[in-house]
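Trainee: Below you will find the structure I want to go over with you.
Just so you know, all these numbers are worked out from the coordinates, no wet-lab data involved. Everything numeric in this text was worked out from a predicted model, so none of it was measured. Please note: Cβ atoms are built from the backbone with ideal geometry, for glycine as well, and neighbour counts cover all protein chains shown.
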Amino acid sequence: MRSPQTISVAPAAPSATRLLRYAQLALLVIAAGAIYPMLYLRQVYQSSMLEALHLDNAQLGVLYSILGSAFLVSYLPSGWLADRIAPRWLISFSLAGTGSLGLWYATLPDYASLLVVFCGFGITTGLTFWASLLKRVKLLATEHEQGRFFGVLDGGRGLIEALLATVAIALFAYVTERQGGSQAEGLRDVIHLYAYTCLALGAALALVPDPRRGEHDTANDARPARTSLLADFRFLAGKKELWLVTAIVFCGFHFFWATYSFSAYLEQDGLGLSATAAGTITTIKLWMRPIGGIGGGWLGDRYAKLDVLALAMLFAALGLLGLIALPGPGRIGVLIALVVFIGLMTYAIRGLYWAVLDDCAIPARVTGLAIGIVSLAGYSPDVFLPLLNGWITERFPGLPGYQIYFGYVVAVGLLGVVAALLLKRMLNRRPS
């Protein structure tokens, strides 16, 4: 009998059918696409939120600062928790909890209550959801499906977000324009749409049996009594491959943050695009997420994950260099094509960088903790990149500020290419 210390999570249990695993993945994709948009309604409804919730911009900033801080402190304990409680139950709790908080949010409460709601969102979508989601996808996929499963997760998540956003904005327009309702009423209905979706998905994921139940649905491979948390940290700290994965996620996430600035970049003097035109182009870029995520994952499984990942990061860096070097009259068409192309490469990167974790021989009992460690460092740009972007674009107004910012992202992104190649070399030298 194999020891839980050396359980391999790559092969699926013989009783698990491919159809059931794919159904599980589909539910996880929908859950990941549905749980976060309610937290970030400000992307579409910021003015409506300020009016309906009686907030000013400073107060709205505090709410999102609390949310970001909750995420940051949740990554490590999220991984620890995912190793001790079956991910299925954590994910179901997260969806139910987020949906319940959404119902409170839909009452349009006062500022003090909103502080509690957003702190709660940080717990239900960070502490109990993130590592559990990634661990469950990793366990669902076989060794040769890691790329496509994580690609489908990220690409499909983007598709679900886009579809729900389309339904939500149509609902908002119907309530506020055709029915003559207030913006507060429209916002309330939009929040209800997302909240009830989360509640329904939470119930569905709790009821669907895990196709690999005999191997991992119980957390028996991660009983705290068998190894101490300190021992697990020491074990993971000695995995050089894990730190290279962390570097890849850190560098790859820079590209994703750069795409947030594309709309503002296209509106700068010298390019001549209106806010509507720039927004339309960046919306088209968003639809590259299912193509890039799923396509990148499939190519990673078909050829080699690290090769495809390194190429995607290199091409994204070259695309950003184009945005730095090419602004000028008559070149707007090229710049638009580059924005869409960079979006495609960025989503391919996101669809692949978690898949390479499977190559690092991380035991199932500490997979969640490993995800927490990588997330803590890899997603740290969430904390400092907005500040850096703001400082650079204020210090160097107009196109020069964005060119300097994109130049920094290119430099970091190329370090990610180096990290991917180093990891490939290390894995190739590992005894089979």
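Trainee: What ranking do Lys424, Lys240, Lys138 get, fewest neighbouring Cβ atoms within 10 angstrom at the top? All intermediate terms of the calculation are to be shown ahead of the outcome.
Mentor: Working: Lys424 19, Lys240 12, Lys138 26.
Fewest-to-most Cβ neighbours within 10 Å comes out as Lys240, Lys424, Lys138.
Trainee: Here is a further query. Gln59 to Leu326: FRET efficiency via 1/(1 + (r/R0)^6), r the Cβ-Cβ distance, R0 56 Å, to the nearest 0.05?
Mentor: Details: r = 40 Å, r/R0 = 0.72.
The computed FRET efficiency comes out at 0.90.
Trainee: Follow-up. Given C-alpha coordinates of the chain, what is the ratio Rg to Rh with the Kirkwood estimate of Rh? Could you put the intermediate results ahead of the total?
Mentor: On the way: Rg = 21.7 Å, Rh = 22.5 Å.
That ratio is 0.97, to two decimals.
Trainee: Less than 14 Å apart at the alpha-carbon level, and either on another chain or at least 8 residues along: which aspartates and glutamates does that give for Lys285?
Mentor: Glu161
Trainee: Now for a separate question. With point charges of +1 on the Cβ of Lys and Arg and -1 on the Cβ of Asp and Glu, referenced to the Cα centre of segment 331-420, which listed residue (Val409, Gly398, Gly372) lies farthest in the positive direction of the dipole?
Mentor: The Cα lying farthest towards the positive end belongs to Gly398.
Trainee: Straight-line reach from Lys239: which lysines have Cα under 20 Å away, leaving out those fewer than 8 places along the same chain?
Mentor: Lys135, Lys138, Lys305, Lys424
Trainee: Identify which of Leu344, Leu321, Leu159 has the largest mean-square fluctuation in a Gaussian network model of the chain, with springs joining Cα atoms closer than 10 Å.
Mentor: So, out of Leu344, Leu321, Leu159, the one fluctuating most is Leu321.
Trainee: Which value, in debye to the nearest 20, describes the size of the charge dipole of segment 284-355 about its Cα centre when Lys and Arg Cβ atoms bear +1, Asp and Glu Cβ atoms bear -1, and nothing else is charged? Mind dumping the intermediate values first?
Mentor: Numbers: 6 positive and 2 negative charges, 28 e Å.
In debye, rounded to 20, segment 284-355 gives about 140.
Trainee: Next question. Taking only the alpha-carbon atoms of segment 16-222, what semi-axes of the equivalent ellipsoid follow from 5 times the gyration tensor eigenvalues under a square root, in whole Å, largest first? It would help to have the intermediate numbers written out before the result.
Mentor: On the way: eigenvalues 209, 73, 35 Å².
Ellipsoid half-lengths, sorted descending, are 32, 19, 13 Å.
Trainee: Something else about it: Suppose we look only past 29 Å in the calculated P(r) of segment 227-432. What percent of the Cα-Cα pairs does that tail hold?
Mentor: Numbers: 6013 of 21115 pairs.
Considering segment 227-432, 28 percent of its Cα-Cα pairs are separated by more than 29 Å.
Trainee: Set Lys and Arg Cβ to +1 and Asp and Glu Cβ to -1, take the dipole of segment 227-432 about its Cα centre, and tell me which of Ala304, Ile349, Ser274 lies farthest positive.
Mentor: Ala304
Trainee: Another question, if that's okay. Could you derive backbone 3J(HN,Hα) for segment 125-136 from the dihedral phi with the Karplus parameters 6.51, -1.76 and 1.60 (θ = phi - 60°), listing whole Hz in sequence and x where the residue is Gly or Pro?
Mentor: 9, x, 4, 9, 10, 4, 5, 5, 4, 5, 5, 5
Trainee: Sticking with this one: Who wins for biggest fluctuation among Leu76, Leu387, Leu309 in a Gaussian network model of the chain, springs between alpha carbons below 10 Å?
Mentor: Looking only at Leu76, Leu387, Leu309, the largest GNM fluctuation is found for Leu387.
Trainee: I've got another one for you. At 0.36 nm per residue, and after removing the present C-alpha to C-alpha distance, how many nm does the segment from Ser69 to Gln179 gain when stretched out fully?
Mentor: On the way: separation 110, 0.36 × 110 = 39.60 nm, distance 3.89 nm.
The span from Ser69 to Gln179 would gain 35.7 nm if fully extended.
Trainee: Further question: Which Cα, out of Gly155, Phe71, Tyr105, lies furthest along the positive dipole direction of segment 16-222 (beta carbon charges, K/R +1, D/E -1)?
Mentor: Gly155
Trainee: Taking neighbour Cβ counts within 10 Å as the exposure measure, how do Trp130, Trp80 sort from fewest upward? Show your work: numbers first, answer last.
Mentor: Numbers: Trp130 26, Trp80 21.
In increasing order of surrounding Cβ atoms, one gets Trp80, Trp130.
Trainee: Obtain the nm distance between the two label points defined at Glu51 and Ala204 by a simple spin-label model: each point lies 7 Å from its Cα along the Cα-to-C-beta direction.
Mentor: The two pseudo-label positions are separated by 3.4 nm.
Trainee: Along segment 246-258, what does the Karplus equation 6.51 cos²θ - 1.76 cosθ + 1.60 (θ = phi - 60°) give for ³J(HN,Hα), rounded to whole Hz, x for Gly and Pro?
Mentor: Here the 3J(HN,Hα) series is 4, 5, 5, 5, 4, 6, x, 5, 4, 4, 4, 5, 4 Hz.
Trainee: Residue by residue through segment 409-418, which ³J(HN,Hα) values in whole Hz follow from phi under the Karplus form 6.51 cos²θ - 1.76 cosθ + 1.60 (θ = phi - 60°), with glycine and proline marked x?
Mentor: For segment 409-418, the Karplus curve yields 4, 4, 4, 5, x, 5, 5, x, 4, 4 Hz.
Trainee: Identify which of Leu163, Leu271, Leu19 has the largest mean-square fluctuation in a Gaussian network model of the chain, with springs joining Cα atoms closer than 10 Å.
Mentor: Of the options given, Leu19 has the highest mean-square fluctuation.
Trainee: Sort Ser380, Ser132 by Cβ crowding within 10 Å, fewest neighbours at the top.
Mentor: On the way: Ser380 16, Ser132 28.
Taking fewest neighbouring Cβ atoms as first place, the list is Ser380, Ser132.
Trainee: For the residue pair Arg302 and Leu115, what label-to-label distance in nm results when each label sits 7 Å from Cα along the Cα-to-beta-carbon direction?
Mentor: 5.3 nm
Trainee: Find the relative contact order for the chain and round it to a whole percent, using C-alpha pairs within less than 8 Å whose residues are 6+ positions apart.
Mentor: Normalised by residue count, the contact order of the chain is 26 percent.
Trainee: Next up: Tell me what the chain gives for mean residue ellipticity at 222 nm when only DSSP H runs of n ≥ 4 count, each as -39,500 (n - 2.57), the sum divided by the residue total, rounded to 500 deg cm²/dmol.
Mentor: Numbers: 19 runs with 316 residues, N = 432.
Helices in the chain give a 222 nm mean residue ellipticity of -24500 deg cm²/dmol.
Trainee: With only Lys, Arg, Asp and Glu charged, each at its Cβ (+1 for the first two, -1 for the last two), find how big the charge dipole of segment 31-150 is about the Cα centre; round to the nearest 20 debye. Intermediate results must be reported in sequence, preceding the final value.
Mentor: Values: 7 positive and 6 negative charges, 88 e Å.
In debye, rounded to 20, segment 31-150 gives about 420.
Trainee: Dipole of the chain, Cα-centred, from +1 at each Lys and Arg C-beta and -1 at each Asp and Glu C-beta, to the nearest 20 debye? Intermediate results must be reported in sequence, preceding the final value.
Mentor: Details: 32 positive and 25 negative charges, 310 e Å.
Charge dipole, the chain, about its Cα centre: 1480 debye, nearest 20.
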